[in-house]
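Taken together, the values in this text are just the output of simple stated rules run on the coordinates, not laboratory data. Because the structure is predicted, anything quoted here is derived from the model rather than measured. Quick reminder, even Gly has a Cβ in these numbers, built from the backbone with ideal geometry, and neighbours come from all protein chains shown.
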Amino acid sequence: MDPATGPHPAPGLHPRHYSPRTTLYLATNGKLPDQGQGIYLQYQNPPNRPNITIHKMPQSAADYAAVLYEVLHQADAGNYDWIAVDLPPSAPEWEAIQDRLKRAATK
C-alpha cells in the first residue's frame, strides 16, 4: 500500500483525531451551552439545564473507552446543535480518554 494514500501508521498521534461534525463541548460540573438543543454524555455531574437528552456513560475507564466513539457517532447523527461531555476523572487510568475527548473537541 502506498503510504501517501494509506492510513497513517499512528493516527492517534495527530493533534486532532475523530471529531464529530456537531460542536463538542467539554463540560465542567454539568455546565452546558445556554442556547440550542444538545445531548449530554453524563459521567457523574447532572446537567445545569432541564429538558436535555442525557446519555449515561460507563463508570469504568475501560468500559468508557470501549463505547466512546460509538456514542459520539450516534450523538453526531442525532441532529443536535451540540454535544456536551461531562469530563471523567483526571486519574491515570483516564488519561487516554481525556486526551481523546480534548482532540475530539478541537475544531
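Quick notes on this one:
- Where labels lie 7 Å past Cα in the beta-carbon direction, separation of TYR25 and TYR69 in nm: 2.7
- Residue separation of GLN44 and GLN59 scaled by 0.36 nm, minus their Cα-Cα distance, works out to 4.6 nm of gained length.
- Overall Cα dimensions of the stretch 51-107 - principal axes, largest extent first, Å: 33, 24, 19
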